[in-house]
Number of protein chains: 2
Amino acid sequence: MPDATAAILIIGDEILSGKTRDENAQFLIGELRELGVSLRRILVIPDRLEAIEGAVRELSATYTHVFTSGGVGPTHDDLTMAGVARAFDTEVVRHPELEAILRGYYGEKLEERNLRMADVPARATLHRAEGLAWPVIALENVYVLPGIPAIFKKKFLAIRERFRQQPFHLTCIYTRDEEGRIAAHLDRVAEQFSDVSIGSYPQIVPHPEGGWRVKLTLESKERARVAAAADALCTLLDPASIVKVDSAQ
Amino acid sequence: MPDATAAILIIGDEILSGKTRDENAQFLIGELRELGVSLRRILVIPDRLEAIEGAVRELSATYTHVFTSGGVGPTHDDLTMAGVARAFDTEVVRHPELEAILRGYYGEKLEERNLRMADVPARATLHRAEGLAWPVIALENVYVLPGIPAIFKKKFLAIRERFRQQPFHLTCIYTRDEEGRIAAHLDRVAEQFSDVSIGSYPQIVPHPEGGWRVKLTLESKERARVAAAADALCTLLDPASIVKVDSAQ
């Protein structure tokens, strides 16, 4: 089975205009990594119906899971549910179970407008979990999460285990050589180990710790392949240039 | 003349896998805001030629300016120049002026591979600026910036004034009312002032400062329109609920 991929869609004028700093994508990057899910896209878009529709349509057709952040609420700028519905050629309908939760929560203080929170795409799935008063709403592979970081986190953490995959294996090699001097070796190993993802990250000035200039990363879900690629690369590199080799997981 | 728009394209496996936290998009959000440029998209993609080509093609056709971060360097995972060239149906060629800079910089230590840094899309423009040893390379409306934050910043700051527009005007209203109770008022003002961008941002719990629950933002490049929309909204809101009204710029 091919490995699960993911995209994050952040919906919010407040992020693009710098009023609020994104925390949700940053949180999810770490979560998906730990879960072994390969994150392939992060997209930040304005609170616009067509932008949401277009992004959801494209991302949901391309990646295993799509997580949206923001644009859920009762005001005019909360357009995520409508955008997700349109992306799947369906409509927004009032969900009886969600309406009941809202009526129970607000009681006599309920404003008609609060019920807009119960309007979700037809065919939406409600993912209930312990500790969640309000379920996570999904349509097919699109999970609609709220923009407020504390609630975003709580909701994702409640459903995270359903996304777990085999973990990534990573080895890092730190060298004092410059990129120009090792590029040909990297080409050779990258070609020989096309299933191992290899990155090269230079420092502007030698790192205080051992004077390394380039951090090389080798990564895959196959521990043995990462080890073999790292061995192959270490054989090609000047041994005197290698400051350290670290393996995680 | 319609106002300038922008997109940021972050190219880097290291961001998507959580090895490095993005600083460049975050920096540019603030810069573009201060310059009065309307940022419409942030996209983070892997170090893949087709991904870069596709993203650059779409973003450059849609927004006034596109700023890319990362993927410039001499190693196998540095694919931005090739991707940008492909997006504009052109090729990468060695630029004599850039080659001369590299030969001057490295002198006898030059490795053939270092010259890959002089390979840029045909028809690329070199934006030279005081204090920059290496010019900013652009192709049409796409500015190719390096991933290392210190260099990214230095290069952008050297060319930033060419992007300056009229400033944004922002007024914020803080109210103790809940979103459900004010949503209809927001609808009305948003409809009447369709040229003013209006946002509504709730707190989970009342804010310690004055107990406000919702921050309302009204924004446009026309100061008078922001003021008129804010007045219209304040007239509709319960006066006792308004904690404060702030105007910036």
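Computed quantities for the displayed model
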{"quantity": "Probe 1.4 Å, all protein chains present, accessible-area order of A:K109, A:K154, A:K215, largest first", "calculated": "A:K109, A:K154, A:K215"}
{"quantity": "Accessible area, probe 1.4 Å, largest first, for residues B:M81, A:M117", "calculated": "A:M117, B:M81"}
{"quantity": "HN-Hα J in Hz across the range A:227-240 - Karplus 6.51, -1.76, 1.60, θ = phi - 60°, x for Gly and Pro", "calculated": "4, 5, 5, 5, 4, 4, 5, 4, 5, 7, 6, 5, x, 5"}
{"quantity": "Within the range A:162-227, chymotrypsin sites (Phe, Trp or Tyr not before Pro) in DSSP loop having at most 12 other beta-carbon neighbours inside 10 Å", "calculated": "none"}
{"quantity": "Average beta carbon contacts from partner chains per residue of B:118-131, 10 Å cutoff", "calculated": "0"}
{"quantity": "Relative contact order of the range B:99-161, pairs being alpha-carbon contacts under 8 Å that are 6 or more residues apart, as %", "calculated": "22"}
{"quantity": "Taking chain B and dividing mean pair separation by its residue count, relative contact order in percent (alpha carbons under 8 Å, at least six apart)", "calculated": "17"}
{"quantity": "Considering only chain A, percent of DSSP beta bridges that pair antiparallel, nearest 5", "calculated": "65"}
{"quantity": "For the protein assembly as shown, Kirkwood radius (reciprocal of mean inverse C-alpha pair distance, Å)", "calculated": "24.7"}
{"quantity": "Shape call, chain A: gyration tensor on alpha carbons, a/c limit 1.5", "calculated": "prolate"}
{"quantity": "Viscosity 1.002 mPa s, 20 °C: Kirkwood-radius Stokes-Einstein D of the range A:180-230 over Cα pairs, µm²/s", "calculated": "181"}
{"quantity": "The range B:169-248: relative contact order in percent, alpha carbon pairs under 8 Å with at least 6 residues between", "calculated": "49"}
{"quantity": "Charge dipole magnitude, Cβ of K and R +1, D and E -1 - the protein assembly as shown, Cα centre, debye nearest 20", "calculated": "560"}
{"quantity": "The range B:54-116 and the range B:189-249: distance between their alpha carbon centers, rounded to Å", "calculated": "45"}
{"quantity": "FRET efficiency, A:A100 to B:R128 (Cβ-Cβ, R0 51 Å, nearest 0.05)", "calculated": "0.20"}
{"quantity": "Spin-label model distance (nm) - B:T62 vs B:A232, 7 Å beyond Cα toward Cβ", "calculated": "2.9"}
{"quantity": "Sparsely packed trypsin sites (Lys or Arg not before Pro) within the range A:1-106, loop by DSSP, other Cβ within 10 Å at most 13", "calculated": "A:R21"}
{"quantity": "The range A:1-68 - Rg over Rh from alpha carbon coordinates, Kirkwood radius", "calculated": "1.00"}
{"quantity": "Computed [θ] at 222 nm, helices only, for the protein assembly as shown once each DSSP H run of length n ≥ 4 contributes -39500 (n - 2.57)", "calculated": "-10500 deg cm²/dmol"}
{"quantity": "Spatially proximal lysines relative to B:K155 (Cα-Cα < 25 Å; intrachain offsets below 8 disregarded)", "calculated": "A:K19, A:K215, B:K19"}
{"quantity": "For the range B:134-249, the fraction of alpha-carbon pairs in successive 5 Å shells from zero, as %", "calculated": "2, 10, 18, 15, 11, 8, 9, 10, 10, 5, 1, 0"}
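The values are calculated or read from the model by the stated rules, or taken from the named source; none is laboratory data. Model, not experiment: these values are computed from the prediction. Methodologically, a virtual Cβ is constructed for each residue, glycine included, from the backbone with ideal geometry; neighbour enumeration extends over all protein chains shown. For accessibility, only protein heavy atoms count, side chains too; no ligands or nucleic acids. Shrake-Rupley method; radii C 1.70, N 1.55, O 1.52, S 1.80 Å.
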